[in-house]
Amino acid sequence: MKAHTKETQAAISPNKAIHLLKEGNQRFQSNKEVDRNLLAQVSDTSTGQYPFATILHCVDSRVSAELVFDQGIGDIFSIRIAGNFVNEDILGSMEFTCKLAGTKVIVVLGHTACGAVKGACDDAKLGNLTTLLSKLKPAVEAVAEPADTSERNSGNIEFVNNVAEKNVYMTIANIRAQSPVLEEMEKQGDIKIIGAMYDIKDGSVTFYE
């Protein structure tokens, strides 16, 4: 499979981009990944890159966007940070990937049993990790149930996963609120900003649209 060109990228709509990611995840789940010559794709992209999607996801070793969406070199921009939240630098990266490099969708991809979310639920303290986890605390606080504080911790996996999902939605809201560039692109129909959740047990991705 050839890497995307400027022409093939331009022909992909935001909805088509989402469809391509869904198809890729279905291939991943059924172990029917596309047979790619990655070295050929290195050559294809040596003079330019034309990805169709930007994925914000966690550093978790089990959640590589290129793998779970069955994509090759030059197909997606991959932004990774524990807890898949946004800050000024990540927003700037997204503005580059969408406004300047032409991607058609931003996917905020959370995942089940997220270690960063667990740490935020437990109010963990460790060096610079303390500051990182503080970015996830608003999502913890936004999940009302259970009210019993003894159940609002990493030992309650349902609570953890609910916080992870809430964090996806809050991150999408933050992208729109903190980046007028991306908000305007979405309003004009140039891109879509959506959320999704990866299940570490079966490899499936559930999209929130």
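The values are calculated or read from the model by the stated rules, or taken from the named source; none is laboratory data. Note that the coordinates shown come from a computational prediction; the quantities given were computed from them, not determined experimentally. Note: ideal-geometry Cβ built from the backbone for every residue, glycine included; neighbour counts use all protein chains shown.
Taking region 135-151 on its own, how many of its residues are more than 15 Å from Tyr169 (Cβ to Cβ) and assigned to a helix (DSSP H, G or I)? Of the residues in region 135-151, 4 are more than 15 Å from Tyr169 (Cβ to Cβ) and assigned to a helix (DSSP H, G or I). Of all the criteria given as (1) among the charged types (D, E, K, R); (2) out of contact with any strand residue (DSSP E or B) (no Cβ under 9 Å at 6 or more places or on another chain); (3) closer than 20 Å to Thr5 by Cα, the one not satisfied by Glu66 is (2). The conditions of being hydrophobic (A, V, I, L, M, F, W, C), farther than 26 Å from Ser30 by Cα and out of contact with any Leu (no Cβ under 6 Å at 6 or more places or on another chain) are met by Leu91. Scanning region 21-40 for residues that are without any contact (Cβ under 8 Å) to a residue 40 or more places away in the chain, buried (at least 16 other Cβ atoms within 10 Å of the Cβ) and in a helix (DSSP H, G or I) yields a count of 0.
Only residues that are under 16 Å from Tyr208 (Cα atoms) and in contact with a helix residue (DSSP H, G or I) (Cβ under 7 Å, 6 or more places away or on another chain): list them for region 1-29, please. Result: Asn25, single match. Criterion first (in contact with a helix residue (DSSP H, G or I) (Cβ under 7 Å, 6 or more places away or on another chain), at positive phi and either part of a loop (DSSP other than H, G, I, E, B) or buried (at least 17 other Cβ atoms within 10 Å of the Cβ) (or both)) does Gly72 satisfy it? Criteria not met by Gly72.
Of all the numbered requirements in (1) in a helix (DSSP H, G or I); (2) within 20 Å of the chain's Cα centre (by Cα); (3) farther than 20 Å from Leu20 by Cβ, Thr130 misses one, and that requirement is (2). Hey, does region 103-112 have a residue that's among the hydrophobic types (A, V, I, L, M, F, W, C), modelled with pLDDT of 95 or more and exposed (fewer than 14 other Cβ atoms within 10 Å of the Cβ)? So far as region 103-112 goes, no, none of its residues is among the hydrophobic types (A, V, I, L, M, F, W, C), modelled with pLDDT of 95 or more and exposed (fewer than 14 other Cβ atoms within 10 Å of the Cβ).
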